[in-house]
Amino acid sequence: MTDDDRARWRLEPSGQFSTKSLYLAIAPSLGHEALSSIWEIRLPQKIRIFLWQWIRSRLPSGVEVLKRSGPSDGRCPLRGPEEDSNHIFFTCVSAQFLWSSLVAA
């Protein structure tokens, strides 16, 4: 059998199949450099997980709960716009009040 007749795994320099090379080829990329650096920050684990979820837009906001057929209409409880993580932290009237209270303290 010649080299032309042998199967070669192109995802590995050695030509040998590995599950790691397959996973790296089909897994979605991190997409954001901050995702990998979150785990190096010296913060409690639950805060790092929270930040990871926030960057990936996976906080349990109204929109995310609605996507998973949960008990939500996807809108802010104050009947505002769609409730996503940016709305919760920055554009919601309640969030703006909370942030202004923290700054004043």
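A few notes on this one:
- In the chain, helical runs assigned H by DSSP with n ≥ 4 each contribute -39500 (n - 2.57); averaged across all residues and rounded to the nearest 500, the mean residue ellipticity at 222 nm is -11500 deg cm²/dmol.
- For the peptides 62-74, 7-19, the ranking by mean Cβ contacts within 10 Å, running from highest to lowest, is 62-74, 7-19.
- On the beta carbon distance between Asp5 and Ala27, with R0 = 30 Å, the FRET formula returns roughly 0.45.
- Using alpha carbons only: equivalent-ellipsoid semi-axes of the chain, gyration tensor based, whole Å: 45, 19, 9
- The gain in end-to-end length when the Ser18 to Ser69 segment is fully stretched comes to 14.6 nm, 0.36 nm per residue minus the alpha carbon separation.
- In percent, rounded to a whole number, the relative contact order of the range 33-104 is 18, using alpha-carbon pairs under 8 Å and six or more apart.
- Backbone HN-Hα couplings from phi across the range 83-98 [Karplus 6.51/-1.76/1.60, Hz, Gly and Pro as x]: 9, 10, 5, 5, 5, 4, 8, 10, 9, 5, 4, 5, 5, 4, 5, 4
None of the figures in this text is laboratory data; all of them are computed from the coordinates on show. Every value quoted in this text rests on a predicted model; they were computed, and no experiment measured them. When we count neighbours, we look across all protein chains shown, and the Cβ atoms used for this are built from the backbone with ideal geometry, even at glycine.
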